[in-house]
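The next block holds one structure in the form of C-alpha cells; read it before the comments.
The values are calculated or read from the model by the stated rules, or taken from the named source; none is laboratory data. These numbers were taken from a predicted model, which means no experiment stands behind them. Neighbour counts are summed over all protein chains in view; Cβ atoms, including those assigned to glycine, are modelled from backbone coordinates with ideal geometry. Ligands, DNA and RNA are excluded from the accessible area calculation, which covers all protein heavy atoms including side chains. Shrake-Rupley method; radii C 1.70, N 1.55, O 1.52, S 1.80 Å.
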Amino acid sequence: MRVFSGLLVGVLVATALALLPTSAAQAQVCQHRTGVSHGGGIFPNTFTEDSVCGNQTGAPVHATPDGSSPQVGVMDTAQSWFLCWTRGQQHGGGNNVWYYTQGDRVVSNPERHGYGFVPALYLNTSLDPDDARLAQCPSLPADRSTAYMVYDRVTGTSVRSEEHKRFRSASLVKLLIALDYLETLGPGTAVPTADAQLLQSMLRSSKDNAASTLWERGGWETIVSRMVTKIGLTDTAPPADRGMWGYTEISAADVVKIYRYILERADPSFRNLIMGHLRQATRCADDGWDQYFGIPSAVSAPWAVKQGWSAFDEDPRCPVAAGTRSPSARTASVDLASPAMHTSGTLCANDRKIMVVLTLNPLGTTWADAASRITTQAGTLYAAAPC
C-alpha cells in the first residue's frame, strides 16, 4: 500500500533542523506531491495531493482524531503519505494536530481499510502541520442514524422514533412516481403495455431507468410537489437537482402516509397494481443488489416491500449487471453522501401494519453491515408487536 505513486512535483527542503529535538528521530520536513490519486477512505472525495513524511513505525491509526477512538490500523513503514490534517484531542506531542492516512495494516473495522488519523506525535516533524500546502481535512462524515415508524391500521396505534427526520429517499420515491403516473392517467383508463412494463420493473426490481423515464415524462420534480399536496405530506420536498429523483427528501412519517393513501384513499385499481408489484419484489434488484434486507429477511409473510439504497461502493451481490450509481454529495438540509439503506412496506394479513425504517451509515460501511443492521432493527420492531 505504501508504494509512492504519482508525479512528485513538490520541492524537498533539505535542511536537517538538527538542533530541534524530536521524540523518535531527527526532525524533517515533508515532501508535498501533486498529481497523485488516493481514494478518500471515510471521505467521499478523491485526494490528488499528499505529503510524504517520516513517521515512527508502529504508530497507531485511530478512527477519529481522538486517542480514545478505536484503533483501526498500524503504520509499519517509516515513511508514509498523509492526505490532510485536522485538529482533535490534545496528545503527547504538545498540540492537537492529527494527520489523515491509511494504515499499512488493518487491526479493526475492516470496512475502513485502515483509513484514519495519526497524532502528530508520531511524525518526525518540528512544526505541525509541517507542510503548509497540505489541506485541512473535510468535516467528519455523520455517524449512523435511524428513524422508524410502525403503524397499525386497525388500532391506529404506532411505534415511532425520529419519524420526522428527513432522509434522501433513494428508491422510495418510486412509490410517488408510480402513484402520480396512475393518478394522472385516471381511473378506468388502461395502462399502455410499455408503461405497464416500466411500472413493474420499477416497483418489483427497482429499475432506475424505468423510474427516470416516468420521472421525466411526469414533469420531474413537479411529481413530488403534486403528491405532497394530494397526500398531505409535511416532510417531503423535491430534490434540489431535478435530475436526481433519489435526492427527494422524505421522512418515515411521510412514507407511512404514502402507504396509507395507496391502501385507503387511492382508486382500488391503483392500489391493486402498486401493492401487487410490491408483493412480488424480486430478491435481485435490477442494479445487481440483493434487496431482501430489512422487512423481507426479518418479518414473516405476508409482506409487500419497496426498498431504497445508495452510495454503496461494492460489487453486486446478485448475478446481474450493475447499474449506474448516483454520485455522492451533501446539502445543508439532507445528507446525500453517507450510504443510505431503507426498508418499507406492509405486514400481516390485509396489510394491517405499515413499517418504515430509514438509515444512514458512515462512509465506508459495507453492504453486509448495513443490511444486517437494518434487518435487526426491523426484526426488533416486528418482535415487539407481531401480527
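For CYS84, the residues whose amide H sits under 5 Å from its own are TYR100, ignoring neighbours fewer than 5 places away on the same chain, with H placed 1.01 Å from N. At the residue level, ARG217 shows approximately 130 square angstrom of accessible surface with a 1.4 angstrom probe and all protein chains present. Database remark: amide H of ASN55 closer than 5 angstrom to the amide H of GLN79, SER80, ASN124 (H placed geometrically; neighbours at sequence offset of 5 or more, or on other chains; Pro and chain starts carry no H).
Out of MET227, THR101, GLY156, whose Cα points farthest toward the positive end of the dipole of the chain (charges: +1 Lys, Arg; -1 Asp, Glu; placed on Cβ)? Of the options given, the answer is GLY156.
Considering the stretch 340-387 at the alpha-carbon level, its Rg and Dmax are found to be 12.2, 39 Å. The mean sequence separation of alpha-carbon pairs under 8 Å and at least six residues apart, normalised by the residue count of the chain, gives a relative contact order of 14 percent. Extension gain, VAL107-GLN89: 0.36 nm per intervening residue step, less the Cα-Cα distance, totals 4.3 nm. Projected over all directions and averaged, the alpha-carbon convex hull of the stretch 206-284 occupies 5.7 nm².
Compared with the dominant principal axis of the Cα atoms in the chain, helix 208-217 is inclined by about 60°. The distance linking the stretch 358-374 with the stretch 31-84 is 24 Å (Cα centroid to Cα centroid, whole angstrom).
Measuring r between the beta carbons of ASP152 and LEU185 and using R0 = 30 Å, the FRET efficiency lands at 0.40. For the stretch 181-187, backbone phi angles converted through the Karplus equation (6.51, -1.76, 1.60; θ = phi - 60°) give residue-by-residue couplings of 4, 5, 4, 5, 5, x, x Hz, Gly and Pro being listed as x. Relative to the longest principal axis of the Cα atoms of the chain, the long axis of helix 252-264 makes an angle of roughly 20 degrees. When Lys and Arg each count +1 and Asp and Glu each count -1, what net charge do the other residues less than 10 Å away from ARG352, Cβ to Cβ, add up to? Once all neighbours under 10 Å are counted, the net charge is 0. For the chain, the Cβ-based charge dipole about the Cα centre amounts to some 920 debye (Lys, Arg positive; Asp, Glu negative; other atoms uncharged). For ARG352, the amide hydrogen comes within under 5 Å of the amide hydrogens of LEU347, counting only partners 5 or more places away or on other chains and with H modelled in the peptide plane. Angle check, please: helix 268-278 long axis (alpha carbons) against the longest principal axis of the chain (alpha carbons), in degrees 0 to 90, nearest 10. In the chain, helix 268-278 runs at an angle near 40 degrees to the longest axis.
Each Lys and Arg adds +1 at its Cβ and each Asp and Glu adds -1 at its Cβ; summed about the Cα centre, the stretch 63-178 shows a dipole of about 620 debye. Selection among HIS277, GLY218, SER169 by position relative to the dipole of the chain gives HIS277 as farthest towards the positive end (Cβ unit charges, Cα centre). Please list log₁₀ I(q)/I(0) at q = 0.13, 0.19 Å⁻¹ for the stretch 46-95, using the Debye equation with identical point scatterers on the alpha-carbon positions. Ignoring solvent entirely, the Cα scatterers give -0.34, -0.76. Here the ratio of the Cα radius of gyration of the chain to 2.2 N^0.38 Å is 1.18. Which FRET efficiency value, to the nearest 0.05, do you get for SER225 and GLN197 by plugging their Cβ-Cβ distance into 1/(1 + (r/R0)^6) with R0 = 22 Å? That gives a FRET efficiency of 0.25.
Here the Karplus curve 6.51 cos²θ - 1.76 cosθ + 1.60, taken at θ = phi - 60°, turns the phi angles of the stretch 164-179 into couplings of 9, 5, 8, 10, 6, 6, 6, 7, 5, 5, 4, 4, 5, 4, 5, 5 Hz, with x standing for Gly and Pro. Backbone geometry of the stretch 372-384 corresponds, through the Karplus equation with coefficients 6.51, -1.76 and 1.60 at θ = phi - 60°, to 3J(HN,Hα) couplings of 5, 5, 6, 5, 4, 5, 5, x, 5, 5, 5, 5, 6 Hz, x marking Gly and Pro.
Across the stretch 127-276, the relative contact order, built from alpha-carbon pairs under 8 Å that are at least six residues apart, equals 28 percent.
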